[in-house]
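Q: Once you've had a glance at the structure underneath, I'll fire off some questions.
Bear in mind that the values in this text are calculations on the coordinates, not laboratory data. A quick note: this is a predicted structure, and the numbers were derived from the prediction, not measured. FYI the Cβ positions are ideal-geometry reconstructions off the backbone, even for glycines, and counts take in every protein chain you see.
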Amino acid sequence: MRRLLSLLLLGNTAMYAVYLGVGGPLVQTAIANIDPANKVSNAGLVAGVSAIFATLFNPVGGALSDRTHSRFGRRNPWLIGGSLAAFLALAWLANATSILMILIAWSLAQAMMNLFQAALTAIVPDRIPREKRGTASAVVGVATSIGAVVGTQIAAAYVGKQAGFYLLGGGVVAAALLVVLLSRDPRPGQYEIVPKVKSSNPLRFSDFRWVFIGRALMVLSYFMVFMFQLYILDDYITLPKGLAPAAGVATLTLVNTACSFVAILVSGPLADKLNRYRVFVLVAGIAGGLVLLLPLVSQTWGMMLVFTALQGMAFGVYMAVDTALVTLVLPRAENAARDMGVLNIANAGPQVAGPFAAAGVIAIGGYPALFVAGAVIAIAAALTVIPIRSVK
């Protein structure tokens, strides 16, 4: 179990390093260098369109891996194939010379990364006992935080250079190889259990549907702000002399991660011990929404540090326990990757709407309106756990 959790930590760290390092500073800097006057609208366009590919390919990849019956296992071929294809797409992205090239290359990279993600995510319901799902989800949450630090630190060190794309893409390939070589992918007949419901559509299962809606709203709230963090520091916050926005993003991510790390380590195992998941999600979601209002009080670097620390704690608790909640409401365990892929539409889908919505909100009311909108959406996300009945 410890080895498997360590491999989950490694695989998810490499994956989120790409999402948050490439999708944040590296892509946004490349966009700003090509067309600085239209950086906000172009960044929203690239993030939105590429997220469409993520939205489509995650459930497709999950369904394909569920139905893969080879002597190498059903997840392994997609872990290796997805990571290698993503690396090639990132290599092309590193050499992009136009906004169109950036859009196409990052969209392809997102698609291939989601083939990898669908197989990796299914490992938890495939191989982790139900009573340990909170702990496993905490590991995934920690990996998300570490991946954010690794990705943004590499991005800050290689901003404007090709090496950052190659390093982050190579990390995913290395992680995929280690997961495949050091863990055993269950063969057909070793993972099926009696299904909870007869329907093949997981969204017809009420508890799954509420978790889906809540996750979609929370991710929408998060990415509406996060994807414009570089521009928020550049255009809205008064930074200390000598601190560049890209370096500021790296620092904020480090603070966010440290606080999130502690919150995740405590909340996941505690939720397992208490056998209570919904209350953690509810309180963390509401707290995360209220924290988004802090930058309205003061537009200083100090307030951004406070905001980031508190947001890290709230979002860390939310994602760690909500991820466990997801695995506990899966309708059919033999379709784990497909159903997790459907759920991951709630992760990727808001990334389609988020940048466009955020750009529209900023155009109407500036960055203050963006923070208010994010807060309202986060609180609404928290409230969706109330109707869930199959999990305490």
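Q: How long are the semi-axes of the ellipsoid equivalent to the range 8-149, from square roots of 5 times the Cα gyration tensor eigenvalues, in whole Å, largest first?
A: Semi-axes from the Cα gyration tensor: 30, 17, 12 Å.
Q: To continue, here is another question. Build a GNM of the chain with springs between Cα atoms under 10 Å: which of Pro186, Pro331, Pro350 gets the top mean-square fluctuation?
A: Of Pro186, Pro331, Pro350, the Gaussian network model singles out Pro186 as fluctuating most.
Q: How big is the range 1-65 in terms of Cα radius of gyration and Dmax, in angstroms?
A: Looking at the range 1-65, its Cα Rg and Dmax stand at 15.8, 51 Å.
Q: Explain nothing, just the number: dipole magnitude of the range 2-383 about its Cα centre with +1 on each Lys and Arg Cβ and -1 on each Asp and Glu Cβ, in debye rounded to the nearest 20.
A: That gives a dipole near 1080 debye.
Q: Compare the peptides 318-326, 168-176 by average per-residue count of other Cβ atoms within 10 angstrom and give them in order, highest first.
A: Most protected by this proxy first, the peptides run 318-326, 168-176.
Q: Turning to a different aspect of this structure: Could you let me know the centre-to-centre spacing of the range 1-47 and the range 373-387, using Cα atoms, in angstrom?
A: Taking the Cα centre of each part, the range 1-47 and the range 373-387 sit 25 Å apart.
Q: Also: Farthest toward the dipole's positive end in the chain, which of Thr55, Ala320, Tyr222, given Cβ charges of +1 (Lys, Arg) and -1 (Asp, Glu) about the Cα centre?
A: Looking along the dipole axis, the top candidate is Ala320.
Q: For Val297 and Thr238 in one chain, what is 0.36 nm times their gap in residues minus the Cα-Cα distance, to one decimal in nm?
A: 19.9 nm
Q: In the chain, which helices (entire DSSP H runs) extend 15 Å or more along their own long axis, judged by Cα positions, while averaging at least 0.5 on the Kyte-Doolittle scale?
A: 2-17, 39-66, 76-94, 99-121, 133-157, 163-182, 206-226, 245-274, 278-291, 301-328, 336-383
Q: First obtain the Kirkwood hydrodynamic radius of the range 70-144 from its Cα pairs, then insert it into the Stokes-Einstein equation at 25 °C and 0.890 mPa s, and state the resulting D in µm² per second as a whole number.
A: 176
Q: Of the residues Asn12, Asn201, Asn344, which exhibits the maximal mean-square fluctuation in a Gaussian network model of the chain defined by a 10 Å Cα contact cut-off?
A: The residue that fluctuates most here is Asn201.
Q: Kindly put Ser41, Ser137 in sequence by how many other C-beta atoms sit within 10 Å of each C-beta, fewest to most.
A: The order, fewest Cβ neighbours first, is Ser41, Ser137.
Q: Let me ask something else. With runs of 4+ DSSP H residues as the only contributors, calculate the mean residue ellipticity of the chain at 222 nm using -39,500 (n - 2.57) per run, divided by the residue total and rounded to the nearest 500.
A: Mean residue ellipticity at 222 nm (helix-derived): -26000 deg cm²/dmol.
Q: Determine, for Thr68, Thr253, Thr308, the number of other Cβ atoms within 10 Å of each Cβ, and report the residues in order from fewest to most.
A: Thr68, Thr308, Thr253
Q: Does the chain come out rounded, prolate or oblate by the C-alpha gyration tensor, with a ≥ b ≥ c the root eigenvalues, rounded set by a/c under 1.5 and, if not, prolate when a/b is larger than b/c and oblate if not?
A: oblate
Q: Using only C-alpha positions, report the orientation-averaged shadow area of the convex hull of the range 41-110, nm², one decimal.
A: 4.6
Q: Which one of Leu178, Leu45, Leu233 has the biggest mean-square fluctuation once the chain is modelled by GNM with Cα springs under 10 Å?
A: Leu178
Q: Answer rounded, prolate or oblate for the range 221-379, using the Cα gyration tensor with square roots of eigenvalues a ≥ b ≥ c: rounded when a/c is under 1.5, else prolate when a/b is larger than b/c, else oblate.
A: prolate
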